[in-house]
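Presented below is the structure to which this report refers.
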């Protein structure tokens with residue numbers, strides 16, 4: 001019985017952490033694009049809450065934020081909830 005409760009507790013705690021991580025990642029879609037101070041020139045995508053779409057920008061390579069995706073489809077997948085329910 002102790003094993004059952006231990007496994008159940010682990011499952012519940014893992015589920016809570018996954019749910020919180022998913023919410024945190026979606027909130028990152030609300031951040032503005034941040035090029036950063038470095039001089040690199042990396043094509044990236046960010047979610048624009050005003051147009052509710054993913055747009056291209058140039059990332060300098062350091063001190064950006066998490067609204068920064070290497071592929072447009074990654075941006076669209078992560079931020080898709082805001083395409084329909086984001087605020088204008």
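The values are calculated or read from the model by the stated rules, or taken from the named source; none is laboratory data. Values in this document were obtained by computation on a predicted structure and should not be read as measured data. Here the Cβ is made from the backbone with ideal geometry for all residues, glycine too, and neighbour counts use every protein chain on show.
Just a few scattered comments:
- The single condition among (1) exposed (fewer than 15 other Cβ atoms within 10 Å of the Cβ); (2) in a loop (DSSP other than H, G, I, E, B); (3) more than 13 Å from the chain's Cα centre (by Cα) that residue 65 does not meet is (3).
- Of the numbered criteria (1) on the phi < 0 side of the Ramachandran plot; (2) at pLDDT below 95, the one residue 75 fails is (2).
- One residue alone among 54, 38, 29 is in contact with a strand residue (DSSP E or B) (Cβ under 7 Å, 6 or more places away or on another chain) and either in a loop (DSSP other than H, G, I, E, B) or at pLDDT 95 or above (or both), and that residue is 54.
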